[in-house]
Amino acid sequence: MAPRKNREVVKSRAQTSSRTKPIAVGILQACDLVGLRRSSLYQEIGAGRIRAIKSGRRTLVPIASLEHWIATRPEFRQAGQR
């Protein structure tokens, strides 16, 4: 019975982790989330407007940094609108 219980624990953990929101994503996923090209994202990181952290060779972008960047962008206004 012990192996069966272990499988249930593993299954339970997998179900839980698939529902949690990540706190950081890779560069390509960050680009997809905010709609930027890779080079534009790196420019924003270089300018200090988006935070990035290194984990070995990987560059991770905190979701909170992307959300802050979006929140601080100016609103779109069509020509002639005030």
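The values are calculated or read from the model by the stated rules, or taken from the named source; none is laboratory data. Predicted model only: the values in this text are computed from it and were never measured. Methodologically, a virtual Cβ is constructed for each residue, glycine included, from the backbone with ideal geometry; neighbour enumeration extends over all protein chains shown.
Below, the figures for the structure above:
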| quantity | calculated |
| --- | --- |
| Top-ranked residue in the stretch 44-65 [being touching a Lys or Arg at 6+ places or on another chain (Cβ under 9 Å) and assigned to a helix (DSSP H, G or I); ranked as surrounded by the fewest Cβ atoms within 10 Å (Cβ to Cβ)] | A64 |
| Single residue of R37, R4, R13 found to be within 18 Å of S65 (Cβ to Cβ) and either at pLDDT 95 or above or out of contact with any Asp or Glu (no Cβ under 8 Å at 6 or more places or on another chain) (or both) | R37 |
